[in-house]
Amino acid sequence: MPTPIAADQILRLPLLPVLAAQGLWVRRTARLLPEPSGSRAGCEGQGPRLRLLIAGDSSAAGVGAETQAQALSGQLVQRLAQDYRVAWRLEATTGHTTRDTLDRLRQINGPFDVAVTALGVNDVTRATTRAQFMARQTALLKHLTGPLGADCVVLTGVPQMQRFPALPQPLAWVLGQQAARLDAGLRKVAARFPQAHHLSLDFPDDPALAAPDGYHPSPRAYALWAERLAQDIHAQTRARICRTSGTE
């Protein structure tokens, strides 16, 4: 049975002049924030070894924070280093799609124990279909769990773009609907891999959680995200690491 056409997809054609004008306005007026300074690899903490890869787009890269210590990588490593010796690496770039990230990760060597991804916004803005997104995420997961050796992969859900302060209506609604479709596809892909877990982020409506550009997380949002990730990683890896290291 064919998939029903959603309301936002039906309305895109009549809304096209408005959406095009709003998209142009956002590009012209957007405040462009740099990727934060700081190390993108290191080894911190004591305890069982945990080899961590963080990969994705500008949010994975920490845009919205001034330093990597305030960004996702720094805050996640800080939490994990309380229990593990974390050998970590950040592979993330502003503007990257799932396909871009896969191409980048094909240039590095593993193995990693845990991989965290943050992708989807650029796939939405590049008009990636749900089928294309699922195929590319499947290829990414195969690479993470195959050549890169990760036996725990946390896929951060596609953000709720309708809540981005920088986006006007109806553009925010249209992009938000497409983001929700891609996120539903991401959940299905994650369910096919025993190593993978989809992490949904539903932050409260708090202006302090948005960066000054109204598009990226603030350091406070990165802290909430890192806490959720750390809890998830602990739950999925603690028993395995204890068994393999003989520390039980």
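Nearest 20 debye, what's the magnitude of the dipole of the stretch 45-176 about its Cα centre given +1 on Lys and Arg Cβ and -1 on Asp and Glu Cβ? It would help to have the intermediate numbers written out before the result.
Working: 13 positive and 9 negative charges, 40 e Å.
Once rounded to the nearest 20, the dipole reads 200 debye.
Students often get this wrong: which residues of the stretch 18-39 have the backbone nitrogen under 11 Å from the point 7 angstrom along Cα-to-C-beta of THR93?
So the set is empty, nothing qualifies.
Helix-only mean residue ellipticity at 222 nm, the chain, DSSP H runs n ≥ 4 weighted -39,500 (n - 2.57), per residue, nearest 500. What is it? Please list the in-between numbers first.
Details: 8 runs with 113 residues, N = 248.
When only DSSP H runs of four or more count, the value is -14500 deg cm²/dmol.
Quick one: length gained pulling GLU227 to ALA135 fully straight, 0.36 nm per residue minus the C-alpha distance?
Working: separation 92, 0.36 × 92 = 33.12 nm, distance 2.93 nm.
Length gained, GLU227 through ALA135: 30.2 nm.
Sorted by packing (mean other beta-carbon atoms within 10 Å per residue), highest first, where do 57-70, 77-90 land? Can you show the working numbers first?
Working: 57-70: 22.4, 77-90: 20.6.
Top of the packing list down: 57-70, 77-90.
Taking the Cα centre as origin and putting +1 on Lys and Arg beta-carbons and -1 on Asp and Glu beta-carbons, what dipole magnitude results for the chain, to the nearest 20 debye? Walk me through the numbers on the way to the answer.
On the way: 27 positive and 20 negative charges, 123 e Å.
The calculation lands at about 600 debye.
Assuming R0 = 22 Å, what is the FRET efficiency of CYS43 and LEU201, from their Cβ-Cβ distance, to the nearest 0.05?
Numbers: r = 27 Å, r/R0 = 1.25.
With a Förster radius of 22 Å, E is 0.20.
So what are the ³J(HN,Hα) numbers for the stretch 68-76, from phi and the Karplus equation (6.51, -1.76, 1.60; θ = phi - 60°), rounded to whole Hz, Gly and Pro as x?
For the stretch 68-76, the Karplus-derived couplings read 5, 5, 8, 8, 4, 4, x, 6, 5 Hz, x marking Gly and Pro.
Using the Karplus curve 6.51 cos²θ - 1.76 cosθ + 1.60 with θ = phi - 60°, work out ³J(HN,Hα) for each residue of the stretch 30-35 in order, rounded to whole Hz, and write x for Gly and Pro.
Calculated HN-Hα couplings, in order: 4, 7, 8, 9, x, 5 Hz.
Give me, ordered by chain and number, the residues 5 or more places off VAL153 or on other chains with an amide H under 5 Å from its own placed amide H.
Here ALA115, ALA196, HIS197 satisfy the definition.
Using a probe radius of 1.4 Å on heavy atoms only, what accessible surface per residue do you get for the chain? Whole Å² is fine. Please report the intermediate quantities before stating the final value.
Working: 11940 Å² over 248 residues.
Per-residue value: 48 Å².
Could you go through the stretch 230-236 in sequence order and give the Karplus-derived ³J(HN,Hα) for each residue, using 6.51 cos²θ - 1.76 cosθ + 1.60 with θ = phi - 60°, rounded to whole Hz, and x for Gly and Pro?
Residue by residue, the stretch 230-236 yields 4, 4, 5, 5, 4, 4, 8 Hz.
Please list, ordered by chain and number, the residues whose modelled amide H lies under 5 Å from the amide H of GLU91; skip anything fewer than 5 residues away on the same chain.
Placed amide hydrogens put ILE54, ALA55, GLY56 under 5 Å from GLU91.
The values are calculated or read from the model by the stated rules, or taken from the named source; none is laboratory data. Just so you know, these numbers come straight off a predicted model, no measurement behind them. FYI the Cβ positions are ideal-geometry reconstructions off the backbone, even for glycines, and counts take in every protein chain you see. The protein model used for the area step is the full one, side chains on, heavy atoms only, and it has no ligands, DNA or RNA in it. Shrake-Rupley method; radii C 1.70, N 1.55, O 1.52, S 1.80 Å.
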